[in-house]
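Trainee: This structure is in structure tokens; I'll ask about it shortly.
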Amino acid sequence: MVGGGAAVFDCDADDRLDVFVAGGEGPAGLYRNVSETAGGIQFEPVSGLDQTAVTGAYPLDVDSDGITDLMILRVGENHLMRGLGNCQFVNANSDWGFEGGDAWSTAFTATWEPGAKWPTLAIGNYLDREEEAFPWGSCTDNWLHRPNAKGTGFAPPAALKPSFCALSMLFSDWNGAGVRDLRISNDREYYKGGQEQLWHLPVGAEPQPYTEKEGWKRLKIWGMGIASRDLDADGSNELFLTSMADNKLQVLNKPADGQPVLPQYSDQAFKRGITAHRPYTGGDLRPSTAWHAQFEDVNNDGFADLFVAKGNVAQMPDFATNDPNNLLLQRADGTFFEAGALAGVASMKTGRGGAVADFNNDGMLDILVVNRWEAPQIWRNLGTNGQWVNISVVQSGSNRGAIGAWIELKTGEHLQRREITVGGGHVSGQWAPFHFGIGNAASAQVRIFWPDGTKSDWQEAKAGQVLTIKR
Amino acid sequence: MIRLTDKTLTRRALLLGAATSSALAAFSFPARAIDSNKATKVLDTWYKLLLELIRHTATYSPPVASRAFAYLGVTVFEAVASGNPDFRSMAGQVNGLAPVPPRDNAPYDEACILHGALVHSMNAHFGNTGPTGQRAMLAMTKKLDSLAAEGTAPEVVTRSMAYGLAVSEHILAWSANDGGAVIENMGFPFDYALTEGPAHWVPTSTVAVQQKPLLPNWGQNRPFTLPQGDLCGLPTPIDYSEDPTSTFYADAMDVYETSKSLTDDQKAIARFWSDDPMLSPTPPGHWVSIAMQIFERDATPLPLQVETLALLGMAIADGFIACWRSKYEVDLLRPITYIRRVIDPKWEPLLNTPPFPEFPSGHSSQSGAAAGVLAALFGTNFAFTDATHADDGLKPREFASFQAAAEEAAISRLYGGIHFRPAIDMGLKQGSCVAGYVLKVNTRA
């Protein structure tokens, strides 16, 4: 019903993005990318991760050893898999003190709290599976796995009360203040007294949800996925929240002079042509159901576009059955237009998770969608003339992937910013270089704002280059 | 405890035997035992699920919910009334309802009849609910199959379930052509021309599907009890004006200034009666919830329960039909539109403004109708506690009477900033008119 995600990362260090796909009631699968550069996209299965009851997965380097690990979310015990290299993994729950629990896990995000050697992991859980006749109001607790005091792994998880059936989570510096809070998008279908949530995560103290007194405003949606990007490079992320019928584009309200920034947003989805509330092709006029969403620049024009995977929950007759995925291209003025049919990605299958990533290293982002009941689909991008750069960011020590850093990229007067995060989407994550379209520019200037607030010097990235910035 | 502090002889008092007049002897129940406990358990369990399905089925906006409550209420009433000589069928009294099939001259079980009727009716009304709701109905059916059949001979179970099904089929056939059976696009028309002029409704949200108003033809549906010549219409409200000396401007300032000085209790009242679709059982479900809480508190006998559910259901349904007819005749703009245009462009009301015209207030109309019917059934000064939203974290509220609750529901729309005061006052009057017609239906033999 919910779940059905994918993890995209390079599991064999060949600079090609491999894919782990959830299987729901069937086995999950890991697929090695054997595509030729700029050629057709091809994968071959790799044994070892064919687990059952998998809802989704997120790649990250948990132990900071330079090899990507994999958080596998399940209906049942979650598995934190340590990467061994060459697409081999071992269950590290016991070694790392990670309690996998027993729930219907449907959301994940990770951050490194200041000074921590290990990440803090948040896991969102859905319904009580035993409550078949009256499932409403039976949302189970989300969990926060913080590092243990010894620095050898994780402490027992703490429940994030109240929990409201999370379907997407994201640690993010939502206001550009250098502090990463926990945003949770919740499914209003099942909670009672619930709403969207934002949690403080004070160092060494219990997490606390933002309150109305702190400016948090109630929002109740069928929250299913979070896509985050600082679309206007003003220092704060815009959030696209997927739901049923209308989706939201939350833009942080600017405070009056001298006033603090409050966690209050205006919804600009309608104004910017991004509600994606109904199929745009295929003749089905019923409202849509949106799941995974991701901002990426698919046409390399320097403006992040939006991909949304669509699909009916199951057989809800009031919602579209023929519900095509959206590919909404951003114009320079910040509005969007639908290009899904033109691009050929308007699949009518029952989409859930997905990824926008460059699977054949040709500098053009391809699209993966995990479908319910049917095989996943991948669309190879054939259609852009714009230039691009890819940026890899690496730290020594812990948090090698610099989760929480910001990348700034400048081409002439045009500035792009993106935060390095793990989480969001719909149970689908990526661990890959960060792609920027740069239009017709021959090069771009790039700098990093590291998680501790320090920043790198500007560096030049030439068009077509994969630039690694280290410290 | 029930407090009947007035001298009104209520239907409830009659059914409980509280009255001693010999003229009331005819209202005593037949000697044959009704396994009331089992039957009320079946009824209560299905109705609890009904409230959840109303909340979780996308087409169930408040008018649509009221329709379901009415037809389900009539179904359970007719199913029980057909075997109770003290009751009189509503066939021939409510618009278009023909007599339900009679029972055979054989033993029946009331719990099995109700279960058979509700299995069919619930699946018919909520065939479009999501997979969770479908699983819940299936699980509930299995659970209540066992409960209803407990201690009853198999042939009686079979006969009773079949009879309940027959009653449900009869009521559903009657419902099919009332104008409200098919809901597309969650009730929002694909095409709709807004009325020109500053006085009229315009969209108030940035939700794409709400750029057209909800169910503009709902007022044309066949009512249950309202006669063709009187749909409890309302006089035209005061003329639109932006003149600061006008009454219309004063009404808008009333909303504006109220919103600026809300007390904590007024905010709590606004939220308690907000009853948003998809986040609550809706305004009509709120009143059904009140009735169910009273049933549970007072162990209300089954006959009074089904009578209440039928009359209350028809009251809220006709309340919405009358209200919606008035709404689209007047087609008045919402306070948020006027206030931002004329008074304060940055004004934000406490509640989200519903996506349809303002006058009269739907909650007021249907609350007035519900209170009128419940007062006739239980008493005009019948005190109760309303914990409808306890699971959602809202504190229960105490009311001295149904009318007091209706008036609070009505004024909550002013506190919420979504209605002018005339829409509230006139809505309550419209509801009272509707209740008068509902109470003309004679449910007693």
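Trainee: Identify, among A:H414, B:V100, A:G39, the residue whose Cα sits farthest towards the positive end of the charge dipole of the protein assembly as shown, taking +1 on the Cβ of Lys and Arg and -1 on the Cβ of Asp and Glu, with the dipole about the Cα centre.
Mentor: Toward the positive end, the furthest listed residue is B:V100.
Trainee: Can you send over the solvent-accessible area of A:S443, 1.4 Å probe, protein chains only, in Å² to the nearest 10?
Mentor: 40
Trainee: Using the Cα atoms of the stretch A:330-471, I'd like the radius of gyration and the largest Cα-Cα distance, Dmax, both in angstrom.
Mentor: According to the Cα coordinates of the stretch A:330-471, Rg and Dmax are 16.5, 49 Å.
Trainee: Only four residue types carry charge here, +1 at the Cβ of Lys and Arg and -1 at the Cβ of Asp and Glu. Report the dipole size of the protein assembly as shown about the Cα centre in Debye, rounded to the nearest 20.
Mentor: Details: 74 positive and 101 negative charges, 298 e Å.
Using only the charged Cβ atoms, the result is roughly 1420 debye.
Trainee: Taking only Cα atoms, what is the 0 to 90° angle, nearest 10, from helix B:402-415's long axis to the longest principal axis of chain B?
Mentor: Long axis of B:402-415 versus the principal axis of chain B: about 30 degrees.
Trainee: Can I ask one more? Suppose a student asked you for the relative contact order of chain A, using Cα pairs under 8 Å spaced at least 6 residues apart; what percent would you report?
Mentor: Numbers: 1416 pairs, mean separation 66.3, N = 471.
The normalised contact order for chain A reaches 14 percent.
Trainee: So in the protein assembly as shown, what percent of DSSP beta bridges are antiparallel if you round to the nearest 5? Don't jump to the answer; show the numbers that get you there.
Mentor: On the way: 115 of 125 bridges.
Roughly 90 percent of the DSSP beta bridges within the protein assembly as shown come out antiparallel.
Trainee: Further question: Counting only protein chains, not ligands or nucleic acids, how are B:K346, A:K462 ordered by accessible area (probe 1.4 Å), most first?
Mentor: Numbers: B:K346 175, A:K462 115 Å².
Largest accessible area first, the residues go B:K346, A:K462.
Trainee: Between A:A314 and B:N381, how high is the FRET efficiency from 1/(1 + (r/R0)^6) when r is the Cβ-Cβ distance and R₀ = 56 Å? Nearest 0.05. Display every interim value, and only then the final one.
Mentor: On the way: r = 49 Å, r/R0 = 0.88.
So, using R0 = 56 Å, E works out to roughly 0.70.
Trainee: May I ask for the Kirkwood hydrodynamic radius of the stretch B:240-280, worked out over all distinct Cα pairs and given in angstroms to one decimal?
Mentor: On the way: mean 1/r = 0.0828 Å⁻¹.
Computed over the stretch B:240-280, the radius equals 12.1 Å.
Trainee: Treating only the Cβ atoms of Lys and Arg (+1) and Asp and Glu (-1) as charged, compute the dipole magnitude of the stretch B:192-438 about its Cα centre; round to the nearest 20 debye.
Mentor: Details: 17 positive and 28 negative charges, 70 e Å.
Charge dipole of the stretch B:192-438: 340 debye, to the nearest 20.
Trainee: Dividing the Cα convex hull volume of the protein assembly as shown by residue count, how many Å³ per residue is that?
Mentor: On the way: hull volume 160.4 nm³, N = 916.
Per-residue hull volume (Cα only) is 175 Å³.
Trainee: Over all directions, the average projected area of the alpha-carbon convex hull for the stretch B:362-409 comes to how many nm²?
Mentor: Mean projected area of the Cα convex hull: 3.3 nm².
Trainee: Only loop residues by DSSP count here, and only those with at most 13 other Cβ atoms within 10 Å; note down the trypsin sites (Lys or Arg not before Pro) in the stretch A:297-366 that meet that.
Mentor: Working: sites: A:K310, A:R331, A:K349, A:R352; in loops: A:R331, A:K349.
The qualifying sites are A:R331.
Trainee: If Rh is defined by the Kirkwood formula over all Cα pairs and Rg also comes from Cα, what ratio Rg/Rh do you get for the stretch B:32-164? Walk me through the intermediate numbers first.
Mentor: Details: Rg = 15.0 Å, Rh = 15.4 Å.
Using Cα coordinates only, the ratio equals 0.97.
Trainee: Another one. Figure the gain on full extension for A:Q465 and A:F134 (residue separation times 0.36 nm, minus the Cα-Cα span) and round it to one decimal in nm. If you can, show how the numbers build up before the last one.
Mentor: On the way: separation 331, 0.36 × 331 = 119.16 nm, distance 5.50 nm.
Length difference between fully extended and current span is 113.7 nm.
Trainee: Considering just Cα atoms, how many Å³ per residue does the convex hull of the stretch B:235-337 enclose? Mind showing how you got there, number by number?
Mentor: Details: hull volume 15.6 nm³, N = 103.
So the per-residue Cα hull volume is 151 Å³.
Trainee: Calculate the dipole size of chain B relative to its Cα centre from +1 charges on Lys and Arg beta carbons and -1 charges on Asp and Glu beta carbons; express the result in debye to the nearest 20. Kindly include the intermediate steps, with their values, before the conclusion.
Mentor: Numbers: 35 positive and 44 negative charges, 138 e Å.
Dipole of chain B, to the nearest 20 debye: 660 debye.
Trainee: Based on a Kirkwood Rh over C-alpha pairs, give the Stokes-Einstein translational diffusion coefficient of the stretch A:139-286 at 37 °C and viscosity 0.692 mPa s in µm²/s.
Mentor: Working: Rh = 16.8 Å.
Answer from the Stokes-Einstein relation: 195 µm²/s.
Trainee: If you project the alpha carbons of chain B onto the principal axes, what extent comes out on each, in Å, largest first?
Mentor: Projected onto the principal axes, the Cα atoms of chain B cover 72, 48, 44 Å.
Trainee: May I pose another question? Semi-axes of the equivalent ellipsoid for chain A, please: Cα gyration tensor eigenvalues, times 5, square-rooted, ordered largest first, whole Å. Show your work: numbers first, answer last.
Mentor: Numbers: eigenvalues 154, 137, 123 Å².
The answer is 28, 26, 25 Å, longest axis first.
Trainee: Please state the Cα pair-distance histogram of the stretch A:128-196 with 5 angstrom bins from zero: what percent is in each bin?
Mentor: So the P(r) values, bin by bin, are 3, 15, 18, 18, 18, 13, 7, 4, 1, 0.
Trainee: Every cysteine in the protein assembly as shown with no other Cys Cβ under 4.7 Å from its Cβ, please list them in numeric order.
Mentor: By the Cβ distance rule, which asks for a partner under 4.7 Å, the isolated cysteines are B:C112, B:C323.
Trainee: With axes computed from alpha carbons, what is the tilt in degrees of helix B:131-149 against the longest principal axis of chain B, rounded to the nearest 10 within 0 to 90?
Mentor: For helix B:131-149, the angle is close to 30 degrees.
Trainee: Oh, and also: GluC sites (Glu not before Pro) within the stretch A:385-424: which are DSSP loop residues with at most 14 other Cβ atoms inside 10 Å?
Mentor: Numbers: sites: A:E408, A:E413, A:E419; in loops: A:E413.
Taking the stretch A:385-424 and a limit of 14 other Cβ atoms within 10 Å, the loop GluC sites (Glu not before Pro) found are A:E413.
Trainee: Distance in nm between label sites at B:S246 and B:L172, each 7 Å beyond Cα in the beta-carbon direction?
Mentor: 5.1
Trainee: Could I ask something else about it? How large is the accessible surface per residue of the stretch B:192-438, computed with a 1.4 Å probe and reported in Å² as a whole number?
Mentor: With the other protein chains kept in place, the stretch B:192-438 gives 34 Å² per residue.
Trainee: Where in chain B is the longest stretch that carries no chymotrypsin sites (Phe, Trp or Tyr not before Pro) classed as loop by DSSP and with at most 13 other Cβ atoms within 10 Å?
Mentor: Working: sites that count: B:F190, B:Y192.
Formally, the longest exposed-site-free interval is B:193-445.
Trainee: Next question, about the same structure. With axes computed from alpha carbons, what is the tilt in degrees of helix B:282-298 against the longest principal axis of chain B, rounded to the nearest 10 within 0 to 90?
Mentor: 40
Trainee: Taking the simple approach of a point 7 Å from Cα along Cα-to-Cβ for both B:A445 and B:D392, what is their distance in nm?
Mentor: 4.2
Trainee: Report the semi-axes of the equivalent ellipsoid for the stretch A:232-288 in whole Å, largest first, where each axis is √(5λ) for an eigenvalue λ of the Cα gyration tensor.
Mentor: Details: eigenvalues 184, 19, 13 Å².
For the stretch A:232-288, the semi-axes come out at 30, 10, 8 Å.
Trainee: Right, another one. Pop the C-beta distance of B:D86 and A:L198 into the FRET formula with R0 = 56 Å and round what comes out to the nearest 0.05.
Mentor: After rounding to 0.05, the efficiency reads 0.45.
Trainee: When the Kirkwood hydrodynamic radius is evaluated over all pairs of different C-alpha atoms of the stretch B:192-438, what value in angstrom, to one decimal, is obtained?
Mentor: Taking the inverse mean of 1/r over all distinct Cα pairs, the stretch B:192-438 comes out at 18.4 Å.
Trainee: Next up: In whole Å, what three semi-axes, largest first, describe the equivalent ellipsoid of the stretch A:256-318 built from its Cα gyration tensor (square root of 5 times each eigenvalue)?
Mentor: Numbers: eigenvalues 175, 66, 26 Å².
After diagonalising the Cα gyration tensor, the semi-axes are 30, 18, 11 Å.
Trainee: Taking the simple approach of a point 7 Å from Cα along Cα-to-Cβ for both A:A375 and B:T236, what is their distance in nm?
Mentor: It works out to 6.8 nm between the two label points.
Trainee: Another question about this same structure. Please work out how much length the chain gains when fully extended from A:D14 to A:E206, using 0.36 nm per residue of separation minus the C-alpha to C-alpha distance, in nm with one decimal.
Mentor: Numbers: separation 192, 0.36 × 192 = 69.12 nm, distance 4.14 nm.
Taking A:D14 through A:E206 to full extension adds about 65.0 nm, to one decimal.
Trainee: Kirkwood Rh, the stretch A:1-127, all Cα pairs: how many Å? Mind dumping the intermediate values first?
Mentor: Details: mean 1/r = 0.0668 Å⁻¹.
One decimal place: 15.0 Å for the Kirkwood radius.
The values are calculated or read from the model by the stated rules, or taken from the named source; none is laboratory data. Model, not experiment: these values are computed from the prediction. With ideal geometry, Cβ positions are generated from the backbone for all residues, glycine too; neighbour counts draw on all protein chains shown. When the accessible area is computed, the model is the full protein with side chains, heavy atoms only, and any ligands, DNA or RNA have been set aside. Shrake-Rupley method; radii C 1.70, N 1.55, O 1.52, S 1.80 Å.
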